[in-house]
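Take a look at the structure below.
The values are calculated or read from the model by the stated rules, or taken from the named source; none is laboratory data. None of the values given here were measured: they were computed from a predicted structure. A quick note on method: Cβ atoms are made from the backbone with ideal geometry, for glycine too, and the neighbour counts reach across all protein chains shown.
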Amino acid sequence: MSAIEACRTEALGGHVAGCAKCGHSHIAYNSCKNRHCPKCQGPAARDWMPARAEDLLPVEYFHAVFTLPAEIAQIAYWIKKALYGRLFKASAETVMTISADPKRLGARVGVTSVLHTWGSALTHHPHMRLATFELIRRYLVHVLPDGFHRIRHYGLLACSTRKANIAKIRALLCVQHPEHAVVPEPVAEIIPLTLREPCPCCGGPMRIIEIFRRGQKPISRSPPRQQAA
Ligand SMILES: [Zn+2]
Ligand SMILES: [Zn+2]
């Protein structure tokens, strides 16, 4: 929690970016890069989307949801790694076994599994907010063990053979590798302003004019970068 609380504040340091054309400047604080941080997941998702779009094939994709019974989900509070690991394995094996059945599809398939620990009770039932301790407790329930992968690939999409399999499928389907994959526009409020982005005032190039360390305040009198509401 401490890393997330400090994310994009003076506690983690940062830099001041200045426009080479109009003189506009703003402070950009460093991010915590914690995979559970809501502020940092936007850029991670932005990088993940083009990578997955690269692998898209001109075939039909299906979305299947496997949900743990409430009684078993309760156990996950104590044995997240073991239980979620088994959920990944059981759901992928179910899809691949049924697909391989000659009476059904009779084919090898690929699976990309994403673990969601947020239920509809939290996402679709907004409260006028909770007591601080209860809010933190509910949040920590969804923090995964160190090193646990929330997204996994199986079958034809297993990491070790994915590129070769996709290339082979494209050859069999006689389709080219997409030169320019269509990627949905990222949501504006979660995009951090970096030097790759131009000046928000005039479109000129932005450069670092000052770097400040953890816990320090910038000397330049610039406002923090405006985040969209
Ligand atoms: Zn400018
Ligand atoms: Zn963060």
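Which of the residues that make up the range 20-58 are aliphatic (A, V, I, L, M) and either in contact (Cβ under 8 Å) with a residue 12 or more places away in the chain or in contact with a Ser or Thr (Cβ under 9 Å, 6 or more places away or on another chain) (or both)?
Going through the range 20-58, the residues aliphatic (A, V, I, L, M) turn out to be 20, 27-28, 44-45, 49, 51, 53, 56-57.
Within the range 20-58, ALA20, ILE27, ALA28, ALA45, MET49, ALA53, LEU56, LEU57 meet the criteria.
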Worksheet item: Which condition does ARG46 not pass, out of (1) at pLDDT 75 or above; (2) over 30 Å from GLU134 (Cβ atoms), if it passes all the others?
Response: (1)
Response to the item:
Restricting attention to the range 39-68, the residues that are exposed (fewer than 14 other Cβ atoms within 10 Å of the Cβ) and either of a type in the set (Phe, Trp, Tyr) or within 16 Å of ligand 2 (Cβ to nearest atom) (or both) number exactly 7
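May I ask you to verify whether HIS26 is more than 11 Å from ligand 2 (Cβ to nearest atom) and outside any helix (DSSP H, G or I)?
When the stated conditions are applied, HIS26 passes them.
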Discussion item. Quick check on this structure: which one of ALA53, ALA6, ALA11, ALA28 is within 16 Å of ligand 1 (Cβ to nearest atom), aliphatic (A, V, I, L, M) and over 12 Å from the mean Cα position of the chain (by Cα)?
Written reply: ALA28
Worksheet item: How many residues are out of contact with any helix residue (DSSP H, G or I) (no Cβ under 8 Å at 6 or more places or on another chain), closer than 21 Å to TYR139 by Cβ and assigned to a loop (DSSP other than H, G, I, E, B) if we restrict to the range 68-119?
Response: 5
Discussion item. What are the pairs with Cβ atoms under 8 angstrom where one residue, in the range 102-116, is closer than 19 Å to GLU60 by Cα and the other, located anywhere, is part of a loop (DSSP other than H, G, I, E, B) and at pLDDT below 90? Sequence gap at least six, or different chains.
Written reply: VAL114/ARG150
